[in-house]
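Presented below is the structure to which this report refers.
The values are calculated or read from the model by the stated rules, or taken from the named source; none is laboratory data. Everything numeric in this text was worked out from a predicted model, so none of it was measured. Cβ sites come from the backbone with ideal geometry, for glycine too, and all protein chains shown count toward neighbours. Accessible surface is based on the protein model in full, side chains and every heavy atom, while ligands, DNA and RNA are left aside. Shrake-Rupley method; radii C 1.70, N 1.55, O 1.52, S 1.80 Å.
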Amino acid sequence: MDSSRITLRLYRSTDVDDVLSWASDDRITRSTHFSTLTSKEDALNFIDKSSIPWRRSICIDDRSIGMVVARPGSGDDRCRAEIGYVLGVEYWGQGITPEAVKMAIPLIFEEFPEIVRLQALSNAEHKASHRVLEKAGFIKEGMFRKYLYFKGEIKDVVLYSFLSTDPIPS
């Protein structure tokens, strides 16, 4: 995939059909914190009523195919944010997500100057997600065993981090 075709932008209500096309796929939502969307109304609510402080649509030729999110901490945790991402199945394996994450990193640090650390908790079984983070320059810090409930199951997670002083890979 030509990386010049990849952009990040805010969602628009006109993205409803594109969002529904990828967010209605159980293969995607099984590893996300949101439920599978089943209607245009769900997709519009997803676009318009998110409580996530930083969220950008991953686009190819201005068409929404996924998203990158960041959840900044507060209080004593305001120095870090958790990053996450999702991409439509037909775009898996093309190097799009690592590029999108690399594009998001400086934007997040710029928008939230108190943040010095981005981190991701990745399901220990989700090796493709680990590769995304590694290609984007994140460092694997370790595994938390039986760390959190996710969709009714207790999961092991792998912790990755990227510091504001780390170089973004080219």
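Could you tell me which of Val68, Leu133, Ala100 has its Cα farthest along the dipole of the range 54-170 towards the positive end, charges placed at Cβ (Lys, Arg +1; Asp, Glu -1), taken about the Cα centre?
Leu133
Mind checking which of Arg27, Arg71, Arg80 has the largest fluctuation in a GNM of the chain, springs on alpha carbons under 10 Å?
Its mean-square fluctuation being the largest, the pick is Arg27.
Taking the Cα-to-Cβ direction at Asp48 and at Arg145 and moving 7 Å from each Cα, how far apart do the two end points lie in nm?
4.8 nm
Could you give P(r) for the range 52-170, binned at 10 Å from zero, as whole percent values over all Cα-Cα pairs?
Per 10 Å bin, starting at 0, the Cα pair percentages come out as 13, 44, 36, 6, 0.
Please count, across the chain, the pairs of lysine residues with Cα atoms under 30 Å apart that sit 8 or more places apart or on different chains.
Lysine pairs satisfying the spacing and distance rule in the chain number 22.
How many Å² of accessible area per residue for the chain, probe 1.4 Å?
So the chain comes to 54 Å² accessible per residue, rounded to a whole number.
Quick one: putting +1 on the C-beta of Lys and Arg, -1 on the C-beta of Asp and Glu, what dipole do you get for the chain around its Cα centre, in Debye to the nearest 20?
380 debye
By the gyration tensor of its Cα atoms, with a ≥ b ≥ c the square roots of the eigenvalues, what is the shape of the range 36-120: rounded for a/c under 1.5, prolate for a/b over b/c, or oblate?
The shape class here is oblate.
Would you mind computing, in nm to one decimal, how far apart the modelled labels at Glu134 and His33 are, each placed 7 Å from Cα along Cα→Cβ?
Placing both labels 7 Å along Cα→Cβ, they lie 2.6 nm apart.
First check a/c for the range 2-77, with a ≥ b ≥ c the square roots of the eigenvalues of its C-alpha gyration tensor; if it is under 1.5, answer rounded, and if not, answer prolate when a/b is larger than b/c or oblate otherwise.
Since a/c reaches 1.5 but b/c is at least a/b, the shape of the range 2-77 is classed as oblate.
Between the range 21-49 and the range 112-146, what is the C-alpha centre distance in whole Å?
If we compute the Cα centre of each part, the gap is 23 Å.
Pairs of Cα atoms under 8 Å, at least six residues apart: use those to get the relative contact order of the range 1-144, whole percent.
Answer for the range 1-144 is 23 percent.
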